[in-house]
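Working notes, structure below.
The values are calculated or read from the model by the stated rules, or taken from the named source; none is laboratory data. Computed from a predicted structure; not experimentally measured. Cβ placement follows ideal geometry from the backbone for every residue including glycine, while neighbour counts extend to all protein chains displayed.
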Amino acid sequence: MHRADVARRAAPGRMMSPRPIRVLCVVPRGITGRGGIETLFAHVDEQLRSGPDTGLEMVFMDSRGGASRAGWIFYFPFALAHYVWLLASRRYDIVHLNTTTNASAWRKWLLQSIAGLAGVKTVVHFHSSFLPKPGEPRGVWVSVLRRVFERAGAVVVLGEYWRTFVARFYDMPAERFQVVANGVVDFAPAAPQAREEGAPVRLLFAGNLTDAKGAGVLLQSLALLPPELPKWHAVLAGAGDVAAFRDRATELGIAGEVEFTGWMVRDTILPLYRQTDIVVLPSRSEGLPVCLLEGACAGAALVSTPVGSIADVLHDGENGLMVMPDDPDALAHALAQLIGDAARREAFRTASRSIYVSRFQLEAMIGALREVYQKVLASR
């Protein structure tokens, strides 16, 4: 069981301020876990601990730990007992539940029910990039998730795309859903950093090595790059079947240009972003991926797919290029344009940094969450 982490409220010597809003935030794998939600709230935890007083005090706990697939069934009872103990041992104003779909909906339904018995309001933060399309079968979890949304004091989604999509899917008023864009700590205030002349163009894929994330398509596209391009080097940083993807790179003849690191902790991967020229994520579906926000923060050009709320951070032709999912030829063409055109690549890098500063600094996300909490508490 990951320990519960309490965010520091105010530096010693400050004048007394009103009591902060106390939030118990349930993160699936905890803030040290592997995943986008976990990385997002690791950024939040860092900001609350080291930044100015925000009027929030957050405790983080995990609900499934590092268990894979159905392994959560064995872990969850212990997490549930810990959750009950936290609610019983200290008064919280808000329980913040991060949810996706399938089994996550059932877990959050139970946690929300217990919070209700304890008299604590819940805010539900929906991160999934998947809901059944018309004609597809709907599992029981679909109705369970609707119930979770209906009982919540507020439902948070990642962008206007998701507000519209989820509201239509559930035939609920759009105003029921509050948009709070993801944000990341500004770990690269001097970005974009100048590159040494003649240095290889550095590409980064940060995510699980799966077909859903487009890792296989990326390898195919790299093998299609023209040999006359300037030198390039690609890093694929993520968990998954690393050996199989490494073998695939060897089969495609690009093993010398592609590096597989496995999962990298934040202290290791953030410096890598600062050295990266192009962040690429050819996913089939996404919410608002943290890796693209981290890429924008570090001043990298972005190449990704027009799914979910990616268009909020990747402005096609301004700070990056959009390609359709599962199209290695189009992806290779986009990457070749940026590898071969240093002036355009540098313009995109500068634009990425500007987009990050204007919309995705972590202070904005935390402020928006605080406003959601305040509205929920005021509605009592």
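Only one of Gly262, Gly240 is over 24 Å from Phe187 (Cα atoms), assigned by TED's automatic domain parsing to the domain that holds Gly214 and more than 17 Å from the chain's Cα centre (by Cα); which?
Going through Gly262, Gly240 in turn, the sole match is Gly240.
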Pick out the one residue from Ala42, Ala88, Ala81 that is touching a Gly at 6+ places or on another chain (Cβ under 9 Å) and of a type in the set (A, V, I, L, M, F, W, C).
Ala42
Output for Cβ contacts, cut-off 7 Å, separation at least six or different chains, first residue outside the structural domain of Ser309 (by TED's automatic domain parsing) in segment 157-169, second part of a helix (DSSP H, G or I), reads Val157/Arg163; Val157/Val166; Gly159/Asp312; Arg163/Ala174; Thr164/Ala174; Ala167/Ala174; Ala167/Arg176
Only helices (runs of 4 or more DSSP H) wholly contained in segment 119-223 count here; list those with 2 or more residues that are aromatic (Phe, Trp, Tyr).
140-151, 160-170
For Met322, are the conditions met, namely being over 29 Å from Leu131 (Cα atoms) and among the aliphatic types (A, V, I, L, M)?
no
Reported set for segment 286-303 where residues are under 18 Å from Leu236 (Cα atoms) and assigned to a helix (DSSP H, G or I) is Val290, Cys291, Leu292, Leu293, Glu294, Gly295, Ala296
Residue check, Ile355 within 24 Å of Leu158 (Cα to Cα), assigned by TED's automatic domain parsing to the domain that holds Gln47 and either touching a residue at least 24 places away in the same chain (Cβ under 8 Å) or not in a strand (DSSP E or B) (or both):
no
Considering only segment 314-329, I want to know if a residue exists there that is of a type in the set (A, V, I, L, M), under 30 Å from Val95 (Cβ atoms) and either in the same structural domain as His233 (by TED's automatic domain parsing) or at pLDDT below 95 (or both).
no
Being buried (at least 18 other Cβ atoms within 10 Å of the Cβ) and closer than 29 Å to Ser221 by Cβ is the requirement here; does Tyr170 meet it?
no
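Which one of Ser285, Ser304, Ser309 is under 15 Å from the mean Cα position of the chain (by Cα), among the hydroxyl-bearing types (Ser, Thr, Tyr), within 24 Å of Asn182 (Cα to Cα) and at pLDDT below 95?
On the way: Ser304 fails: at pLDDT below 95; Ser309 fails: at pLDDT below 95.
Just a single option satisfies the conditions, and that option is Ser285.
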Would you please name the residue that is nearest to Glu286 (Cα to Cα), looking only at residues in segment 148-172 that are touching a helix residue (DSSP H, G or I) at 6+ places or on another chain (Cβ under 7 Å) and β-branched (Val, Ile, Thr)?
Val157
